[in-house]
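The values are calculated or read from the model by the stated rules, or taken from the named source; none is laboratory data. Since the structure is predicted, the reported quantities are computational estimates derived from the model, not experimental observations. Cβ placement follows ideal geometry from the backbone for every residue including glycine, while neighbour counts extend to all protein chains displayed. The area values use the complete protein model at the heavy-atom level, side chains included, leaving out ligands, DNA and RNA. Shrake-Rupley method; radii C 1.70, N 1.55, O 1.52, S 1.80 Å.
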Amino acid sequence: MKPSTFYVTTPIYYGTAKPHLGSLYSTLLADVAARWNKLKGKEVFFLTGTDEHGQKIAQAAEKAGKEPQVFVDSFIPAYKDAWKAYNIEYDHFIRTTDTHHIKAVQQWLQDLIDKGDIYKDFYKGWYCTPCETFVDTQDDAPPCPSCGRATQLVSEESYFFKLSKYQDRLLTFYEECPEFVIPRERLNEVISFVKGGLKDLSISRTTVKWGIPFPGDPKHVVYVWADALNNYITGVGYGDPSKKAMFEKWWPANLHVMAKDILRFHAVYWPAFLMASNLALPKHMLVHGWITVNKQKMSKSFGNVVDPMELQATYGVDPVRYYLVRQMAVTHDGDFSDTELEQKIETDLANDLGNLLNRTLSLSLRYDLEKVEAPDTWSPEAHELRNHANAMLLAYCEAMDGCLYHQALGHVWKFINQTNAFFHAQEPWKLVKNDKAAFADRIAATCHALKTIGVILLPVMPDKMMVLLDALGYSIIIQPGIDNIEQMAGAWCHVFTLKKIPTLFEKSGIAHGD
């Protein structure tokens, strides 16, 4: 049977600076989604990249004394190096300065012009350069609704997209697809905005030179959001006749991941663009909150900007991945604290999980139980632990499929605590002296629990969990068509070959060769 597909994207990041904690978080959530679906046997395509056009980029380049293309080129290695360091398994890194993307956007616009959904008029209103946002209001000098900064009055000839034409279709779509935006509260915000009335959208600028030339009218460049949003389709072959099969295979996207400040562009403009182009709409959008640092917004003036590369060098990749996914609830803003990170490494990772593995391996190998087999009949205590494992799997899968990754990890840690309680209550270090069969039963049950934990935590901590599984002698195959989650349900019947390994997580929280 042909495996099903899963297409996930990150927002594309402005090419004006190195990646920060927020861009790492968005990318990490997408990576967890990609790995989770691979684990379930799906064929996955993961797209990320950079947004490199617009006034904001041009101004930053001018300030740096560089040509815009040279300026944006200088930041690409920082993104690719960071994603490599954090084991981000993306399939394609798209840049909006890519020749294919530029040609595809121009063709897309020409098609909409021919259809009558784009017309030329005159724009006068307020504009926020940092957010690349037009602000529809009658007020003088309104603050930007996204960032709160002051807006500037813009007056120029412009091409407009007939956004208002799609207001009713959008509202019908939201009603028919209530799971379109995760969490649902964010969709309510979008519905309220659209019900307030949509005006046609200015999609070109004449006062900006750094951008995609508008088809048939090169004195105009394409408004950055009409350019950038299209990366989700051009990144899988849209506009390239030779990649028609690729586009048909992957579109529509299963999941767009983004922060809450760009939801309106994605949940209003993007579906309207797709409707106008007779293209399918993405299935889900995961919208997360912002990350503060020690209760303050990240800012150079506060001196609290967190460099993901320094974080990785200090604490290791997987501990940081775990902390961000577990501690930052996707449904709310989250606060990053290095003190809390160190506490989580010590309590959750070193004490709860690492110590459980270490105690199991040490005790088994000390008493020459290297090969661990399931007994013919499990003890009632082992049966109870298996029931806990199956209940956890159901709750975990539901949370993961719903993109509530922090909740999923909460379910796992409840089970880890149940396994620790089982191990402590059964006292296998005493059983080994007078009941070898009971000892083997309890060790086998603990190994099956650890295997379950190791497999389901692979999307979050891929390196460390492969070490854990290797210590158990368990080989996992992750490829399309093999559903590793389905295989774990039911009876425990695996044979483990145990081996001693170095400490899985350092209690100090400081990386050692990670």
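Taken over region 58-197, the percentage of Cα pairs per 10 Å bin, counting from 0 up to the bin with the maximum distance, is 9, 20, 35, 30, 6, 0. Amide H contacts of Ala253 (H built 1.01 Å from N, in plane; Pro and chain starts excluded): Lys283 sit under 5 Å, all sequence-distant by 5 or more or on other chains.
Taking 0.36 nm per intervening residue step and subtracting the Cα-Cα distance, what contour gain separates Arg359 from Cys493 on full extension?
Fully extending the segment from Arg359 to Cys493 adds 46.1 nm.
Summed over the residues of region 421-514 and divided among them, the accessible surface reaches 45 Å² per residue at a probe radius of 1.4 Å. Legend: calculated FRET efficiency, Lys199 to Glu486, from the Cβ-Cβ distance at R0 = 45 Å, rounded to 0.05, equals 0.35. Once backbone amide H atoms are built at 1.01 Å from N, Phe45 has Phe6, Tyr7, Val8 as its partners under 5 Å, excluding neighbours fewer than 5 places away on the same chain. With protein chains left intact and a 1.4 Å probe, residues in region 123-196 average 52 Å² of accessible area per residue. Available extension along the chain between Asn294 and Thr314 is 5.4 nm, counting 0.36 nm per residue and deducting the alpha carbon span. Values (1) 41, 30, 21; (2) 49, 23, 20; (3) 38, 25, 23 are given for comparison; semi-axes √(5λ) of the Cα gyration tensor in Å, derived from the coordinates here, is the one labelled (2). In a DSSP loop and with at most 16 other Cβ atoms within 10 Å, the trypsin sites (Lys or Arg not before Pro) in region 430-514 are Lys499, Lys500, Lys507.
A straight line joining the Cα centroids of region 464-506 and region 13-58 runs 28 Å.
Per residue, region 310-415 exposes an accessible area of 42 Å² to a 1.4 Å probe, with every protein chain left in place. If the segment from Asn387 to Asp352 were pulled out straight at 0.36 nm per residue, it would be longer than the present Cα-Cα gap by 10.6 nm.
With the full set of protein chains in place, find how many percent of the accessible area of the chain is carbon and sulfur; take the probe as 1.4 Å. Result for the chain: 50 percent of the exposed heavy-atom area is carbon or sulfur. Overall, the anisotropy analysis places region 309-395 in the oblate class: the square-rooted eigenvalues a ≥ b ≥ c of its C-alpha gyration tensor yield a/c not less than 1.5, with a/b not exceeding b/c. Of all aspartates and glutamates in the structure, those lying under 16 Å Cα to Cα from Lys243, and not within fewer than 8 positions of it along the same chain, are Asp91, Asp98. Taking label positions 7 Å along the Cα-Cβ direction at both Asp140 and Ala280, the computed distance is 5.2 nm, reported to one decimal.
Return the tail of the calculated pair distribution for region 129-197, meaning the percent of Cα-Cα pairs more than 14 Å apart.
Tail of the P(r) past 14 Å holds 70 percent of the pairs.
Helices in the chain that qualify as membrane-span-like (whole DSSP H runs, Cα extent of at least 27 Å along the helix axis, mean Kyte-Doolittle hydropathy of -0.5 or higher) are 380-401, 405-426, 436-456.
With the cut-off at under 18 Å, measuring from each backbone N in region 40-70 to a point 7 Å along the Cα-to-Cβ line of Leu394 picks out no residue. Across region 200-210, rounded Karplus estimates of 3J(HN,Hα) from the backbone phi angles (6.51 cos²θ - 1.76 cosθ + 1.60, θ = phi - 60°) give 4, 9, 5, 10, 8, 9, 9, 8, 10, 9, 8 Hz, Gly and Pro being marked x. Amide hydrogen proximity for Val181: with H placed 1.01 Å from N in the peptide plane, the residues at 5 or more positions away or on another chain lying under 5 Å are Met285. Among the GluC sites (Glu not before Pro) within region 347-392, those in coil by DSSP and having at most 15 neighbouring Cβ atoms inside 10 Å are Glu370, Glu373. Across the options Thr314, Trp225, Phe336, the greatest Cα extent toward the positive end of the charge dipole of the chain (unit charges at beta carbon of Lys, Arg, Asp, Glu) belongs to Thr314.
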